[in-house]
Amino acid sequence: MYKTSKSGLLVLVLMLVVAMLAACSTKTEPSAEPAAASAGGAAEQPLTKVKIQLKWVPQAQFAGIYAAKEQGFFADEGIDAEIIPGGPDIVIEQQVVNGAADVGITGVDSLLVSRDNGLPLVSLAQISQKSSYRLIAKKSAGITDPAQMKGKKVSTWFGSQQFQVLAFMEKNGLDPKKDIELVKQGFTMDQFFNDQVDVATATIYNEYHVVLESGVQESDLDVFNIEDAGVGMLEDTLIAKKDWVDSNRDLAVKVTRAILKGWNYAIDNQEETVDTVMSNVTDGSTTREHQVTMLAEIAKLIRPEGFTEQQVGSFVDESFARTADIALNYGLIKKAANLDEALEKSIYEEAVK
């Protein structure tokens, strides 16, 4: 056995202590890593990307979708939602069919026309429960009766949003191809203000108030209510491609659930939600006051009096049957719509459980 000096002994002891500390460190480190992974594993899982195509530019018409993203309802469902703005030249159905979007917002009339033309689209939830369309004319145009629109310039949106106006013309004995000059309506109401058209299309939640906010009085207008004329069709509906739904049923339910939660939140928290909408609009394109009015009006269409939160997004059979009958009677579709196939009611039902 070798003899060791005090200093050598001290060095040896220090070496042993360092070795023990290193061993302890080596033993505890592996158990720490799984703990961290366990605690944060769920949160670190990648979100599923879903593209949502709007039927128009960012505004309170889609407040529920923006609220769903802002409040984390999409994230809660494991979804990374990309909200894609629309516009007058965007055909929502084509965007969805071509895969540029997974789901979209369009009118039920347009959905039925698209299906009649062979596009494999279905509705996941019905957002708006009645028509918002009005046709408006200045008193100076002298149009107090629909028959007086004959020979006049009538503007409306093209792409997939013109069908209620066409049905209104047919209902009132006017051939929209011969008796009126149908003009493509743009983002603004400038055509109407500048007398470039005699009659313009306006929704009660948007363009109608744009006109009033410009200084025009209600008494200065002749207003034709599409709903009162008996040709009001259901509007905003959530659509997807049939095979996408069949392959992604769980995801379709989650998207629907998040959007419906978003709409109930938006309706119950309108001031806060308008702030969210304003953070998404194009600078200078609108005012907060206008968006406040829009959300108040659209809320009445989405959760009308008597509707519960759970009924938001529901399919009212009578309303769909009326919309389908109007579309058939006025030649928008060639054959009777099969609503059993057009409506994926099970998606909505699962989403609100």
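Would you mind computing, in nm to one decimal, how far apart the modelled labels at residue 150 and residue 217 are, each placed 7 Å from Cα along Cα→Cβ?
Those two pseudo-labels are separated by 3.3 nm.
Quick check on packing: order 250-259, 297-306 by the mean number of other C-beta atoms within 10 Å, highest mean leading. Before the final figure, lay out the partial values.
Details: 250-259: 23.2, 297-306: 17.0.
Peptide ranking by packing, descending: 250-259, 297-306.
Can you work out the accessible area per residue across the stretch 218-311, with the rest of the protein chains kept in place, probe 1.4 Å, in square angstrom? Could the numbers behind the result be given before it?
Details: 4250 Å² over 94 residues.
Roughly 45 Å² per residue, with all protein chains present.
If you line up the long axis of helix 288-302 against the longest principal axis of the chain, both from Cα atoms, how many degrees apart are they, to the nearest 10?
So the helix axis and the longest Cα principal axis differ by about 80 degrees.
Can you return the lysines within cross-link range of residue 138? Criterion is Cα-Cα under 21 Å, with same-chain partners fewer than 8 residues away left out.
Filter leaves 150, 152, 153, 184.
Please give me, ordered by residue number, the trypsin sites (Lys or Arg not before Pro) of the stretch 155-213 that lie in loop per DSSP and have at most 15 other Cβ atoms within 10 Å. It would help to have the intermediate numbers written out before the result.
Values: sites: 171, 177, 178, 184; in loops: 177, 178.
Hits after loop and neighbour filter: 177, 178.
Please state the Cα pair-distance histogram of the chain with 20 angstrom bins from zero: what percent is in each bin?
Reading upward from the zero bin: 27, 48, 12, 7, 5, 2, 0.
Compute the Rg to Rh ratio over the stretch 197-293 from the alpha carbon atoms, using the Kirkwood formula for Rh, and round to two decimal places. Each step should come with its number before you reach the end.
Details: Rg = 18.0 Å, Rh = 16.9 Å.
Value, to two decimals: 1.06.
Magnitude of the Cβ-charge dipole of the stretch 133-225, K/R +1 and D/E -1, about the Cα centre, nearest 20 debye?
Working: 10 positive and 13 negative charges, 58 e Å.
Using Cβ point charges on Lys, Arg, Asp and Glu, the stretch 133-225 gives about 280 debye.
Which order do you get for 74, 158, 163, 187 if you rank them by accessible area with a 1.4 Å probe, largest at the top?
Values: 74 5, 158 65, 163 30, 187 115 Å².
So the residues, ranked largest to smallest area, are 187, 158, 163, 74.
Given a Förster distance of 45 Å, report the FRET efficiency between residue 75 and residue 321 from their Cβ-Cβ distance, rounded to the nearest 0.05. All intermediate terms of the calculation are to be shown ahead of the outcome.
Working: r = 37 Å, r/R0 = 0.83.
Result of the calculation: an efficiency of 0.75.
Helix-only estimate, please: 222 nm mean residue ellipticity of the chain, summing -39500 (n - 2.57) across DSSP H runs of length 4 or more and dividing by its residues, to the nearest 500.
Value at 222 nm, helices only, nearest 500: -13500 deg cm²/dmol.
So in the stretch 133-225, what percent of DSSP beta bridges are antiparallel if you round to the nearest 5? Kindly include the intermediate steps, with their values, before the conclusion.
Numbers: 9 of 15 bridges.
So the antiparallel bridges in the stretch 133-225 amount to around 60 percent.
Put a dot 7 Å past each Cα toward the Cβ at residue 247 and residue 49; how far apart are the dots in nm?
With each label point 7 Å from Cα toward Cβ, the separation is 1.5 nm.
Beyond a 22 Å Cα-Cα separation, which of these cross-linked pairs lie in this structure: 130/353; 55/261; 130/261; 51/335?
Working: 130/353 24 Å; 55/261 20 Å; 130/261 20 Å; 51/335 31 Å.
Violating the 22 Å limit, Cα to Cα: 130/353; 51/335.
Hey, what angle do you get for helix 6-44 against the long axis of the chain, alpha-carbon based, 0 to 90 degrees rounded to 10?
It is inclined by approximately 20 degrees.
At what distance in angstrom do the alpha carbon centres of the stretch 274-337 and the stretch 84-128 lie from each other?
14
Which residues does a label at residue 171 reach in the stretch 326-350, if reach means a backbone N under 18 Å from a point 7 Å past the Cα toward the Cβ?
Those under the cut-off are 326-333.
Rounded to the nearest 0.05, what FRET efficiency do residue 353 and residue 285 have when you use their Cβ-Cβ distance and R0 = 51 Å? It would help to have the intermediate numbers written out before the result.
Details: r = 38 Å, r/R0 = 0.75.
Computed FRET efficiency for residue 353 and residue 285 comes out at 0.85.
Could you check how many percent of all C-alpha pairs in the stretch 91-162 are farther apart than 16 Å?
The calculated P(r) of the stretch 91-162 puts 60 percent of pairs beyond 16 Å.
Roughly how much of residue 343 is accessible, in Å² to the nearest 10, using a 1.4 Å probe?
In the full protein context, residue 343 sits at about 20 Å².
The values are calculated or read from the model by the stated rules, or taken from the named source; none is laboratory data. Quantities reported herein were computed from a predicted structural model and do not represent experimental measurements. Neighbour counts run over all protein chains shown; Cβ positions are idealised from the backbone, glycine included. Calculation scope for accessible area: heavy atoms of the full protein, side chains included, ligands and nucleic acids excluded. Shrake-Rupley method; radii C 1.70, N 1.55, O 1.52, S 1.80 Å.
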